[in-house]
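**Student:** Would you mind keeping the following structure in view while I ask a few things?
The values are calculated or read from the model by the stated rules, or taken from the named source; none is laboratory data. Just so it is clear, the structure is predicted and the values come from calculations on it, not from any experiment. Reconstructed Cβ throughout: ideal geometry from the backbone, glycine too, with neighbour counts over all protein chains shown.
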Amino acid sequence: MKINKKSVYHTKNLDHEYYSRQVSTPYESTKKFFSFLNKKIKLKNKNIIDLGCGSGANLIHLKETYQPGICFGFDQNKDLIDLAKQYSKQRKLKNLHFAVKDIQKASQKKLLKPNIDGVISMQTLSVLDNYEKTIIFAKKLKPKFICVNSLFWEGNIDFKISVNFLEKKKRNIKKINHYNIYSIKHYIQFLKKQGYKKNIFMKFKTEKNLKTKDKSLMGSYSIKLNGGSEIKSGPLILDWYFILSYKN
Ligand SMILES: C[S@@+](CC[C@H](N)C(=O)[O-])C[C@H]1O[C@@H](n2cnc3c(N)ncnc32)[C@H](O)[C@@H]1O
């Protein structure tokens, strides 16, 4: 897939701060994601692939916290892959590799020699136009489990949300991002069809009071809703879920 020039994931539009910030300070959602996964499947010595790995922050946190086996990160953006390689070299991390790959490409040959225990993907399915191709990509790596963090909804509805950043004076689109929200039930049905019969999920709850500089822009912040705390970004309430799908 050739990435759209207006996409926020195109090299010329990258928010470098977003990608570097989380390498030095892993996000709360990253920590909770791995803690959720590790409770069910011990990550020690497991070979893991991260799809849409960005600058590698999540795998770096995994390596430094859980002593997994060989880990690979794939992303379509070469700049981010170069950054990931640079960060992991600086931290002298072993058995951590990164490569430029399109995780929506249908025809993948057998990619890797070592047996893959698990595929993870964090905050990436929602920016893709659909998750199916990426789950098929993951399945071809023959993992025992697939664990994702994405925006989901508990009803039978998928939401296709394109966020178009406009120029100040004209209604021209400067940049585009996607915040697609998928039906959990349908996602799980799809995973079951792929052989991942067992599925468990958990909604991510922040314990922090998230703040953003300008609420008229996109950027996560906490709001009180129905007696609890939720995450809002622009006009959207962000329901981040962790879903673990496994074979037995
Ligand atoms: C919101 S970022 C998340 C990055 C990282 N997983 C994290 O948690 O910070 C989404 C990532 O998906 C990558 N991406 C988008 N489309 C892709 C594709 N078709 N193939 C590979 N990577 C893709 C982008 O380059 C970007 O790094």
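**Student:** Inspect the range 208-217 for any residue being hydrophobic (A, V, I, L, M, F, W, C), in a loop (DSSP other than H, G, I, E, B), free of Cβ contacts under 8 Å to residues at least 24 places away in the same chain and surrounded by fewer than 20 Cβ atoms within 10 Å (Cβ to Cβ) and give the result as yes or no.
**Tutor:** For the range 208-217, residues hydrophobic (A, V, I, L, M, F, W, C), in a loop (DSSP other than H, G, I, E, B), free of Cβ contacts under 8 Å to residues at least 24 places away in the same chain and surrounded by fewer than 20 Cβ atoms within 10 Å (Cβ to Cβ): present.
Every residue, every condition in (1) over 24 Å from residue 202 (Cα atoms); (2) within 12 Å of the ligand (Cβ to nearest atom); (3) within 14 Å of the chain's Cα centre (by Cα), yes or no:
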residue: 34; (1), (2), (3): no, yes, yes
residue: 42; (1), (2), (3): no, no, no
residue: 55; (1), (2), (3): yes, yes, yes
residue: 66; (1), (2), (3): no, no, no
residue: 69; (1), (2), (3): yes, no, no
residue: 74; (1), (2), (3): yes, yes, yes
residue: 79; (1), (2), (3): yes, yes, no
residue: 85; (1), (2), (3): yes, no, no
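**Student:** Please work out if residue 169 is surrounded by fewer than 15 Cβ atoms within 10 Å (Cβ to Cβ), closer than 29 Å to residue 234 by Cβ and more than 13 Å from the ligand (Cβ to nearest atom).
**Tutor:** For residue 169, the condition - surrounded by fewer than 15 Cβ atoms within 10 Å (Cβ to Cβ), closer than 29 Å to residue 234 by Cβ and more than 13 Å from the ligand (Cβ to nearest atom) - is met.
**Student:** Run down 135, 146, 200 and say which single residue is surrounded by 17 or more Cβ atoms within 10 Å (Cβ to Cβ), in a strand (DSSP E or B) and touching a Leu at 6+ places or on another chain (Cβ under 8 Å). Even if it seems obvious, please write down each step before you answer.
**Tutor:** On the way: 135 fails: in a strand (DSSP E or B); 200 fails: surrounded by 17 or more Cβ atoms within 10 Å (Cβ to Cβ).
So the residue among 135, 146, 200 that is surrounded by 17 or more Cβ atoms within 10 Å (Cβ to Cβ), in a strand (DSSP E or B) and touching a Leu at 6+ places or on another chain (Cβ under 8 Å) is 146.
**Student:** Here is a further query. What is the residue count in the range 87-103 for residues that are assigned to a helix (DSSP H, G or I) and surrounded by fewer than 14 Cβ atoms within 10 Å (Cβ to Cβ)?
**Tutor:** 2
**Student:** Please give the helices (runs of 4 or more DSSP H) falling wholly within the range 1-85 in which 1 or more residues are free of Cβ contacts under 8 Å to residues at least 12 places away in the same chain.
**Tutor:** On the way: elements: 16-24, 28-40, 57-66.
Ranges flagged: 16-24, 28-40.
**Student:** Would you pick out the residues in the range 162-176 that are of a type in the set (D, E, K, R) and without any contact (Cβ under 8 Å) to a residue 60 or more places away in the chain?
**Tutor:** Within the range 162-176, 167, 168, 169, 170, 171 meet the criteria.
**Student:** While we're on this one: Looking at residue 114, is it at pLDDT below 95 and either touching a Gly at 6+ places or on another chain (Cβ under 9 Å) or assigned to a helix (DSSP H, G or I) (or both)?
**Tutor:** yes
**Student:** Quick check: is even one residue across the range 88-97 modelled with pLDDT of 95 or more, farther than 23 Å from residue 7 by Cα, more than 18 Å from the chain's Cα centre (by Cα) and among the hydroxyl-bearing types (Ser, Thr, Tyr)?
**Tutor:** Among the residues of the range 88-97, at least one is modelled with pLDDT of 95 or more, farther than 23 Å from residue 7 by Cα, more than 18 Å from the chain's Cα centre (by Cα) and among the hydroxyl-bearing types (Ser, Thr, Tyr), which makes the answer yes.
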